[in-house]
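Trainee: Please find one structure pasted underneath; my questions will follow.
The values are calculated or read from the model by the stated rules, or taken from the named source; none is laboratory data. Just so it is clear, the structure is predicted and the values come from calculations on it, not from any experiment. FYI the Cβ positions are ideal-geometry reconstructions off the backbone, even for glycines, and counts take in every protein chain you see. Please note that ligands, DNA and RNA were not included when accessible areas were found on the heavy atoms of the full protein model with its side chains. Shrake-Rupley method; radii C 1.70, N 1.55, O 1.52, S 1.80 Å.
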Amino acid sequence: MIQLNIAPPSRRQPYDPGSFLGALPLPSSDASAKRWQAATEILVKPAPSAFPTPQSPNQTPLAQRLFDARAAFKMKTATLAAAHFNDAERSRLFKQIDSLLDNESWDSDDVVTTEASFTTLLRMVLFLGGRRPGLGVTSTGNFIATWTEGDDRLTIECKPQDRVRWVLVQNLDGQPESAAGETTAKRLPEVLSPYDPPKRWFPHAYQAAA
Amino acid sequence: MAIMSNTVPKPPYPRAPITEGVIHLTVEGKATPAELEKLVKRFAKDYPQQETLAALSVGINTTGGVTTVQQQPQGYRVKSTDQADILLVLPDGIAASRLAPYPGWEQLQERSRAAWAEWRDSVAHKIIKRIGVRYINRIDIPIRQSEILDIEEYLRIVPRVPEFSKRPLSGFWAQVTKPTDIPHWSVSVTSNIVSPAPLINHVSVALDIDVFRIEQIPGRDADLWECVDAARSLKNTIFESCITDEARRLFA
């Protein structure tokens with residue numbers, strides 16, 4: 001049984017249920033609209049991290065754009081990866097970000113790596129599990145993840161919306177064999193299943209897909 | 001022979017699902033813009049990234065007059081270098097927030113305490129009318145293709161839905177507010193499906209627990225923080241009562 005307390009809190013005060021979503025307000029009533037606004041304000045109260053961040057316009061100096069990008073990637077890591085990165089993994093990733101987006105390595109004409117690409121990278125890395133990749137960036141604003149072992153190498157360019165472009169080189173009986181393609185992060189284990197190195201680097205993704 | 005462990009982990013969890021922990025103190029009255037500006041400058045060392053939170057109001061004169069655009073400052077959001085520690089400095093109070101990975105209550109309480117000390121030194125309004133301790137958790141449940149998930153296997157706060165359709169839910173949002181058994185403390189618990197899902201091949205459920213107190217708030221600092229500390233075990237107890245053993249296994 002779901003009980004609703006309708007007793008007034010004290011003899012002096014009338015019963016006031018406070019802000020409550022209840023029925024939809026009538027569009028004709030200002031009072032109802034205000035009540036609706038007050039109620040939803042409480043229901044969807046944003047967390048401190050959820051307040052919108054002011055966007056840097058394109059004419060913003062490069063150093064500021066790089067600073068904003070580093071900040072946005074770290075914030076995204078905290079909110080998206082949450083419990084899935086421990087302190088050591090998080091520190092390592094932040095060092096990689098700071099190093100890649102260092103002011104000295106960029107020209108003012110360069111396209112700063114985008115948050116949309118970083119989101120794909122993070123989702124892909126958490127999905128694949130296993131060995132964490134080395135990171136790089138492209139001149140078009142995308143992150144690149146690489147796994148290398150001897151002559152075997154997998155390079156994945158992370159585009160917005162979980163799109164990934166991959167290039168794989170594996171050594172087969174002393175002969176290099178290469179393949180490339182474009183897919184979504186979710187389909188990677190399946191698309192890369194004919195090749196051995198990915199199975200060694202992120203076996204969990206293959207077990208989960210099996 | 002490998003023996004699969006079926007042990008249910010106990011707190012503190014190795015992979016606690018906390019995405020954000022907040023201690024929010026709200027005062028009676030409002031700080032002036034000058035007071036807030038002075039206060040924010042004092043946070044510059046620990047929180048070097050500082051943003052102004054502003055509301056934009058647009059006025060259109062329909063009788064042919066000018067259109068006006070006004071930016072009204074609503075406060076500041078300041079962040080640590082690694083973006084994990086945040087302060088919201090608002091006209092009616094201050095909120096200390098910590099994003100994942102969560103280092104523990106002591107660290108958050110200490111930061112909130114330091115922020116409040118600065119507020120007391122800078123702002124005329126010091127009478128607290130609300131203490132809020134809010135923990136936003138995200139439970140990431142792995143799924144396989146074409147599997148239907150029974151949310152009740154993980155969560156004890158779910159909507160009760162009459163059988164008007166055999167098809168499963170595609171989303172939900174449930175919120176309850178009620179007094180707790182500890183005098184003067186109440187709680188709002190919200191659970192909902194996070195959409196779009198943050199992780200690939202997962203369903204994520206948010207469990208937002210806001211323990212608050214709006215009466216009998218101590219005026220002395222020492223008593224205030226003893227009072228805030230009382231919310232710690234309360235929010236833990238409420239969190240544990242909202243989840244199942246299946247959910248706990250995800251935090252191992």
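Trainee: If I filter the stretch A:65-83 for residues that are open to solvent by 60 Å² or more (accessible area, probe 1.4 Å), modelled with pLDDT of 80 or more, closer than 20 Å to B:Thr81 by Cβ and not in a loop (DSSP other than H, G, I, E, B), do I get at least one hit?
Mentor: Initial filter on the stretch A:65-83 (open to solvent by 60 Å² or more (accessible area, probe 1.4 Å)): A:67.
Those still in the list that are modelled with pLDDT of 80 or more too: A:67.
Still in the list and also closer than 20 Å to B:Thr81 by Cβ: A:67.
Of the ones still in play, those that are also not in a loop (DSSP other than H, G, I, E, B) are A:67.
Yes, the stretch A:65-83 contains at least one residue that is open to solvent by 60 Å² or more (accessible area, probe 1.4 Å), modelled with pLDDT of 80 or more, closer than 20 Å to B:Thr81 by Cβ and not in a loop (DSSP other than H, G, I, E, B).
Trainee: Quick one: A:Asp110 ticks every box in (1) open to solvent by less than 50 Å² (accessible area, probe 1.4 Å); (2) away from chain B (no Cβ under 14 Å); (3) more than 29 Å from B:Gly75 (Cβ to Cβ); (4) at pLDDT below 90 bar one, so which box is it?
Mentor: (1)
Trainee: Before we move on, is A:Leu188 outside any loop (DSSP other than H, G, I, E, B) and either closer than 23 Å to A:Arg70 by Cα or under 15 Å from the mean Cα position of the chain (by Cα) (or both)? Working first, answer last.
Mentor: Values: outside any loop (DSSP other than H, G, I, E, B): yes; either closer than 23 Å to A:Arg70 by Cα or under 15 Å from the mean Cα position of the chain (by Cα) (or both): no.
No, not satisfied.
Trainee: Now for a different question. Can you pull out the residues in the stretch B:154-165 that are touching a residue at least 60 places away in the same chain (Cβ under 8 Å) and open to solvent by 50 Å² or more (accessible area, probe 1.4 Å)? Quick ask: steps written out before the conclusion?
Mentor: Narrowing the stretch B:154-165 to residues touching a residue at least 60 places away in the same chain (Cβ under 8 Å): B:154-157.
Scanning the stretch B:154-165 gives a single hit, B:Arg156.
Trainee: A further question on this structure: For the stretch A:136-175, which positions are open to solvent by less than 50 Å² (accessible area, probe 1.4 Å), part of a strand (DSSP E or B), within 25 Å of A:Gln207 (Cα to Cα) and out of contact with any Pro (no Cβ under 8 Å at 6 or more places or on another chain)?
Mentor: Residues satisfying the conditions are A:Ile144, A:Thr155, A:Glu157, A:Cys158, A:Val164, A:Trp166.
Trainee: Is one or more of the residues making up the stretch A:91-104 more than 25 Å from B:Ser80 (Cα to Cα), among the acidic types (Asp, Glu), more than 14 Å from chain B (Cβ to nearest Cβ) and open to solvent by 20 Å² or more (accessible area, probe 1.4 Å)?
Mentor: The answer is no, given that none of the residues of the stretch A:91-104 is more than 25 Å from B:Ser80 (Cα to Cα), among the acidic types (Asp, Glu), more than 14 Å from chain B (Cβ to nearest Cβ) and open to solvent by 20 Å² or more (accessible area, probe 1.4 Å).
Trainee: Suppose we filter B:Gln83, B:Gln74, B:Gln70 for residues that are farther than 18 Å from A:Ala78 by Cα and at the interface with another protein chain (Cβ under 10 Å from one of its Cβ atoms); which single one remains? Full working, then the answer.
Mentor: On the way: B:Gln83 fails: farther than 18 Å from A:Ala78 by Cα; B:Gln70 fails: at the interface with another protein chain (Cβ under 10 Å from one of its Cβ atoms).
Going through B:Gln83, B:Gln74, B:Gln70 in turn, the sole match is B:Gln74.
Trainee: Any residue that is in a strand (DSSP E or B), of a type in the set (A, V, I, L, M) and touching an Asp or Glu at 6+ places or on another chain (Cβ under 9 Å) - is there at least one of those in the stretch B:39-50? If you could, list the steps in order and put the result at the bottom.
Mentor: Our first condition is that a residue be in a strand (DSSP E or B); within the stretch B:39-50, this holds for B:49-50.
Next cut, of a type in the set (A, V, I, L, M) only: none.
There is no residue in the stretch B:39-50 that is in a strand (DSSP E or B), of a type in the set (A, V, I, L, M) and touching an Asp or Glu at 6+ places or on another chain (Cβ under 9 Å).
Trainee: I'd like to know if the stretch B:175-191 contains one or more residues that are within 11 Å of chain A (Cβ to nearest Cβ), closer than 18 Å to B:Pro17 by Cβ and open to solvent by 20 Å² or more (accessible area, probe 1.4 Å).
Mentor: The answer is no; no qualifying residue exists.
Trainee: Would you please list the contacts, defined by Cβ atoms under 7 Å and residues six or more apart or on different chains, that run from a residue in the stretch B:46-62 that is closer than 16 Å to A:Lys74 by Cα and open to solvent by 30 Å² or more (accessible area, probe 1.4 Å) to a residue that is part of a strand (DSSP E or B) and modelled with pLDDT of 80 or more?
Mentor: Between residues of the stretch B:46-62 that are closer than 16 Å to A:Lys74 by Cα and open to solvent by 30 Å² or more (accessible area, probe 1.4 Å) and residues that are part of a strand (DSSP E or B) and modelled with pLDDT of 80 or more, the close pairs are B:Gln50/B:Tyr76; B:Gln50/B:Val78.
Trainee: Continuing with the same structure: Any residue at all in the stretch B:23-35 that's at pLDDT below 90 and within 14 Å of another protein chain (Cβ to nearest Cβ)?
Mentor: Within the stretch B:23-35, the first condition is being at pLDDT below 90, and the residues that meet it are none.
Looking through the stretch B:23-35, none of the residues is at pLDDT below 90 and within 14 Å of another protein chain (Cβ to nearest Cβ).
Trainee: Please give the number of the condition B:Ile243 fails out of (1) more than 14 Å from chain A (Cβ to nearest Cβ); (2) under 27 Å from B:Arg130 (Cβ atoms).
Mentor: All conditions pass for B:Ile243, except number (1).
Trainee: Still on this model: Just to verify a result, which residue in the stretch B:195-238, among those that are in a loop (DSSP other than H, G, I, E, B) and touching a residue at least 60 places away in the same chain (Cβ under 8 Å), is surrounded by the most Cβ atoms within 10 Å (Cβ to Cβ)? Outline the logic, then answer.
Mentor: To start, the set of residues in the stretch B:195-238 that are in a loop (DSSP other than H, G, I, E, B) comprises B:195-201, B:214-220.
With touching a residue at least 60 places away in the same chain (Cβ under 8 Å) added as a condition, the list becomes B:198, B:214, B:217, B:219.
Details: B:Pro198: 21, B:Ile214: 14, B:Ile217: 18, B:Gly219: 9.
Checking each candidate, the answer is B:Pro198.
Trainee: Hey, among B:Ile131, B:Ile151, B:Ile127, which residue is open to solvent by less than 20 Å² (accessible area, probe 1.4 Å), away from chain A (no Cβ under 12 Å) and of a type in the set (Val, Ile, Thr)? Steps first, please.
Mentor: On the way: B:Ile151 fails: open to solvent by less than 20 Å² (accessible area, probe 1.4 Å); B:Ile127 fails: open to solvent by less than 20 Å² (accessible area, probe 1.4 Å).
Matching residue, one of B:Ile131, B:Ile151, B:Ile127: B:Ile131.
Trainee: Restricting the stretch B:63-90 to residues that are without any contact (Cβ under 8 Å) to a residue 12 or more places away in the chain and not in a strand (DSSP E or B), which is nearest to the chain's Cα centre (by Cα)?
Mentor: Residues of the stretch B:63-90 that are without any contact (Cβ under 8 Å) to a residue 12 or more places away in the chain, as a first pass: B:63-68, B:82.
Subset that is not in a strand (DSSP E or B): B:63-66, B:82.
Details: B:Thr63: 45, B:Gly64: 46, B:Gly65: 44, B:Val66: 41, B:Asp82: 19 Å.
For the stretch B:63-90, the residue satisfying everything is B:Asp82.
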